[in-house]
């Protein structure tokens, strides 16, 4: 677990314990705000603490800064130790259960002595929950199902999987002629890396018919709620899906409300209040008169703001930028001219080079780089110098054949060895158009060792791109312990680009890292790292992540025309 993740977890636990203790209703909110801020950081919180910059992080005041500093320096937090003594509940464990929050945890702890997942499951299976205030048989069944979801590891869903499910449900509901408007909201519309649940908003002439069709959607395992204007279901995958019917004149306000993050929406409501207005999911009001509500643009305009793209609505400076009319012109799929990192069956890919080239040309690319693994990654049948030279000759012949209109670039994904050296000799690297270097081994190297290792690799004159820089696999492997600030500075010095790996399980770099990288002047390469033709479509997820990281087309190297690209990467 990274230091940022550790700190966020500590703050989350303190917030939950404070809420269950119930002495101060505002303190927990401050800790939850801190969690969101630390989670979205693009820099190592430990590095920030060393330069006494913790209070510069939005949402981190003096008291939270002291908590963070104490944990980083000693591994102990006095307030947390006191809370754990007074409230001996494994709150993080219980809070991970869908539908179980601090109020329920407090109730079952005080009434039944529940302190962890096992004791909650036992109480639920014995029917003890349904007799508690506010909890009935239905809630008890939902909690049992939620526990099963947690034990199966299904509490979060990758964005790619969530979008696939959302598209299927949307297609089913659009078959109903009474549906006039339907859109996805929530964190899915913000294109978060993982999704807790799906939120749909709809305008329909006969809401009850839509609700009846919704709860009978394919894959529904349980109906959580079924009403005339709101219904919720649990799918067989464990994903919860909510559907709300809104009136036409409130659809824009509802879309804004159910899309923005908590912090984004709180700040908007604060702006509205200062203007003598009231903002909620039904509209923007001055007294009882509705000022705006039919569309999102009207809401933001009435508050003196540019319309803010959904991907930016996290309260990380987008509102202040919108007030000044200085929001970035975010990158789109239309800006992409090529892919600089992909594999074939010559290493661990599934398709031949010709099949990959055909798929890339069908996307209208101007250029496409073939970059198979090199020899140290034996599990991927990586190429040694001899095979790589043969591949270089093969690509020259393919370019000369005229079969493809796009330029085929000669590349390789070269392994960074334990000492930071590369596993291919320089005289071969010099013959490649694009050299991507990546870490594929010794994941648990200490921070100082890993940072020195990667930086040494970036100093090689033939290196162009650092592949999947933090090495994370979402929900499966934490990112490397590495000082990205130092890596970025080294990359800048040696004209090395950072990769935004578009694979849905990677999305590496994350949004905060991307902002930090571009802040120091680094260029980003959005690559699919495709291992089969179908994975070339993952470029869309790289674009989603790039937009969350405030990237414009000028920040991304593979939006450049071929001539400009080659001039930029020439060393």
Filter result for residue 389 (outside any loop (DSSP other than H, G, I, E, B), surrounded by fewer than 21 Cβ atoms within 10 Å (Cβ to Cβ) and touching a helix residue (DSSP H, G or I) at 6+ places or on another chain (Cβ under 9 Å)): yes
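Could you go through the range 183-197 and let me know if any residue there is more than 23 Å from the chain's Cα centre (by Cα) and buried (at least 16 other Cβ atoms within 10 Å of the Cβ). Walk me through how you get there before you give the answer.
Of the range 183-197, the ones more than 23 Å from the chain's Cα centre (by Cα) are none.
Among the residues of the range 183-197, not one is more than 23 Å from the chain's Cα centre (by Cα) and buried (at least 16 other Cβ atoms within 10 Å of the Cβ), which makes the answer no.
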Hits in the range 431-450 (condition: closer than 26 Å to residue 568 by Cβ and outside any loop (DSSP other than H, G, I, E, B)): 434, 435, 436, 437, 438
Residues being closer than 13 Å to residue 532 by Cβ, crowded, with 16+ Cβ neighbours inside 10 Å and touching a residue at least 60 places away in the same chain (Cβ under 8 Å) - total across the range 348-374: 5
Selected residue (only one of 135, 163 is touching a helix residue (DSSP H, G or I) at 6+ places or on another chain (Cβ under 8 Å), not in a helix (DSSP H, G or I) and not assigned by TED's automatic domain parsing to the domain that holds residue 545): 135
Hey, residue 210 outside the structural domain of residue 146 (by TED's automatic domain parsing), under 22 Å from residue 253 (Cβ atoms), without any contact (Cβ under 8 Å) to a residue 60 or more places away in the chain and buried (at least 20 other Cβ atoms within 10 Å of the Cβ) or not: yes
Among the candidates 442, 477, residue that is touching a residue at least 12 places away in the same chain (Cβ under 8 Å) and more than 28 Å from residue 160 (Cα to Cα): 442
Residue count for the range 471-494, restricted to those that are assigned to a loop (DSSP other than H, G, I, E, B) and modelled with pLDDT of 95 or more: 1
Residue among 287, 276, 260 that alone is within 29 Å of residue 166 (Cα to Cα) and not assigned by TED's automatic domain parsing to the domain that holds residue 145: 260
Test: residue in the range 89-98 that is modelled with pLDDT under 85 and in contact with a strand residue (DSSP E or B) (Cβ under 8 Å, 6 or more places away or on another chain): yes
Top-ranked residue in the range 115-126 [being in a loop (DSSP other than H, G, I, E, B) and at pLDDT below 90; ranked as surrounded by the fewest Cβ atoms within 10 Å (Cβ to Cβ)]: 126
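Listed here are the residues, each with its yes/no results for (1) crowded, with 18+ Cβ neighbours inside 10 Å; (2) in contact (Cβ under 8 Å) with a residue 12 or more places away in the chain.
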position	(1), (2)
11	yes, yes
35	yes, yes
44	yes, yes
64	yes, yes
76	no, no
85	no, no
88	no, yes
98	yes, yes
110	no, no
Filter result (buried (at least 18 other Cβ atoms within 10 Å of the Cβ) and at pLDDT 90 or above) within the range 50-62: 54, 60
Where residue 287 falls short, out of the listed (1) touching a helix residue (DSSP H, G or I) at 6+ places or on another chain (Cβ under 7 Å); (2) over 23 Å from residue 547 (Cβ atoms): (1)
Subset of the range 127-156 [free of Cβ contacts under 8 Å to residues at least 24 places away in the same chain and either crowded, with 18+ Cβ neighbours inside 10 Å or closer than 26 Å to residue 21 by Cα (or both)]: 127, 128, 129, 130, 131, 136, 140, 144
Single residue of the range 497-548 satisfying the filter (assigned to a loop (DSSP other than H, G, I, E, B) and under 10 Å from the mean Cα position of the chain (by Cα)) that is surrounded by the most Cβ atoms within 10 Å (Cβ to Cβ): 507
Unique residue being out of contact with any strand residue (DSSP E or B) (no Cβ under 9 Å at 6 or more places or on another chain) and either in the same structural domain as residue 192 (by TED's automatic domain parsing) or assigned to a helix (DSSP H, G or I) (or both) when the list is 311, 297: 297
The range 273-287, residues that are under 14 Å from residue 247 (Cα atoms) and assigned to a loop (DSSP other than H, G, I, E, B): 281, 282
Some residue of the range 334-345 being free of Cβ contacts under 8 Å to residues at least 24 places away in the same chain and under 27 Å from the mean Cα position of the chain (by Cα): yes
Answer residue from the range 225-246, given it is assigned to a strand (DSSP E or B) and without any contact (Cβ under 8 Å) to a residue 24 or more places away in the chain and is nearest to residue 136 (Cα to Cα) among those: 225
Residue that is surrounded by the most Cβ atoms within 10 Å (Cβ to Cβ), among those in the range 406-430 that are part of a loop (DSSP other than H, G, I, E, B) and touching a strand residue (DSSP E or B) at 6+ places or on another chain (Cβ under 7 Å): 424
Scan of the range 354-384 for residues that are at pLDDT 95 or above and assigned to a helix (DSSP H, G or I), ordered by number: 354, 355, 356, 357, 358, 359, 360, 361, 362
Hits in the range 18-27 (condition: surrounded by fewer than 20 Cβ atoms within 10 Å (Cβ to Cβ) and either touching a residue at least 12 places away in the same chain (Cβ under 8 Å) or over 17 Å from residue 267 (Cα atoms) (or both)): 21, 22, 23, 24, 25, 27
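The values are calculated or read from the model by the stated rules, or taken from the named source; none is laboratory data. All of these numbers come straight from a predicted model, not from anything done at the bench. Cβ coordinates were reconstructed from backbone atoms using ideal geometry, including for glycine residues, and neighbour counts include every protein chain displayed.
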